[in-house]
1. Within region 139-184, which residues are aromatic (F, W, Y) and either under 13 Å from the mean Cα position of the chain (by Cα) or loosely packed, with under 14 Cβ neighbours inside 10 Å (or both)?
2. Those residues that are outside any strand (DSSP E or B) and free of Cβ contacts under 8 Å to residues at least 24 places away in the same chain, I need them from region 77-125; list them, please.
3. Being under 19 Å from A105 (Cα atoms) and among the hydroxyl-bearing types (S, T, Y) is the filter here; which residues of region 129-159 pass it?
4. Can you find even one residue in region 189-202 that is over 24 Å from A61 (Cα atoms), outside the structural domain of R75 (by TED's automatic domain parsing) and either crowded, with 19+ Cβ neighbours inside 10 Å or within 15 Å of the chain's Cα centre (by Cα) (or both)?
5. Inside region 144-187, can you point out the residues that are over 22 Å from N92 (Cα atoms), of a type in the set (V, I, T) and either in a loop (DSSP other than H, G, I, E, B) or touching a Leu at 6+ places or on another chain (Cβ under 6 Å) (or both)?
6. Within region 94-109, restricting attention to residues that are polar (S, T, N, Q) and crowded, with 16+ Cβ neighbours inside 10 Å, which residue is farthest from T175 (Cα to Cα)?
7. What are the residues in region 195-223 that are assigned to a loop (DSSP other than H, G, I, E, B) and either farther than 16 Å from M111 by Cα or out of contact with any strand residue (DSSP E or B) (no Cβ under 8 Å at 6 or more places or on another chain) (or both), if any?
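The values are calculated or read from the model by the stated rules, or taken from the named source; none is laboratory data. Just so we're clear, the structure is a prediction, and the values are computed from it rather than from any experiment. Positions of Cβ are backbone-derived with ideal geometry, glycine not excepted, and every protein chain shown enters the neighbour counts.
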Amino acid sequence: MNNKTLTRRSFITAAAVVTSQFVLPGQSHAIETKKNKTMKNKLDIDYFIADCIEANKEMDAQIAIKEVLTKAVSRPKDMLAALGEPNKAGINILHASKTLTIFNASWTPQMNLLPHSHLMWALIGIYTGREDNILWRRDKQSINAYGVETLFEGDVAELADDVIHSVTNPLQRFTGGLHIYGGDFFHTTRSQWNPDTLIEEPSDGDTIKSMFTRENKRYNLAN
């Protein structure tokens, strides 16, 4: 076990003592005020981000950060309290650098994201709702679907840097998840595929954000 691993795990332990997200079993919060609980929830996210940044220094950063993310979403109600109940499609950026991007993403009921690539490893942890992923692979002409992965509350998906997937929220309520990428997600040009023709097109952070804008318009018109 290297020094970085020791440091990171010690950090997780410290977070467990002072935050409600990683609260020690049986610890009482009966005398806390509502204001203090809100502050602690805010602190939970700060610890989570700092722990991910520390884990990103390890040799296998994806596996190290997956450990942090799995712990964070293993108590989805606490994470939901910390991040807030989603009420629209959106991306809330928690951390962005050249080597690591973390954001909280929410899908409207029955929202679909067309097939797309990342060109960097990814982790997805669901804390409310459900996310259905269709996995695709390139062929000579375009892409072909070859697998499905469904994520429920508390689940974490690990995606390699060459994965292509499309996403659906099949529920009649919002889905929220923490998304972590091993690179600069919003300034990397990658690909998406037209859902009707499966023709490859360029995509980047702005393209993804525009999908959320359109989805909110669709949802607001329907409701």
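1. Y146, F152, Y181
2. Step one: list which residues in region 77-125 are outside any strand (DSSP E or B), which gives 77-89, 97-100, 108-111, 118-121.
Result: K77, G84.
3. Step one: filter region 129-159 for residues under 19 Å from A105 (Cα atoms), giving 129-134, 149-159.
Correct list: T150 only.
4. Yes, there is a match, as at least one residue in region 189-202 is over 24 Å from A61 (Cα atoms), outside the structural domain of R75 (by TED's automatic domain parsing) and either crowded, with 19+ Cβ neighbours inside 10 Å or within 15 Å of the chain's Cα centre (by Cα) (or both).
5. V163
6. Of the residues in region 94-109, the ones polar (S, T, N, Q) are 97, 99, 101, 104, 106, 108.
Cutting the leftovers down to crowded, with 16+ Cβ neighbours inside 10 Å gives us 101, 104, 106, 108.
Details: T101: 20, N104: 11, S106: 5, T108: 7 Å.
Among those that are polar (S, T, N, Q) and crowded, with 16+ Cβ neighbours inside 10 Å, it is T101.
7. Quick first cut of region 195-223, residues assigned to a loop (DSSP other than H, G, I, E, B) only: 195-199, 204, 223.
Result: D196, T197, L198, I199, D204, N223.
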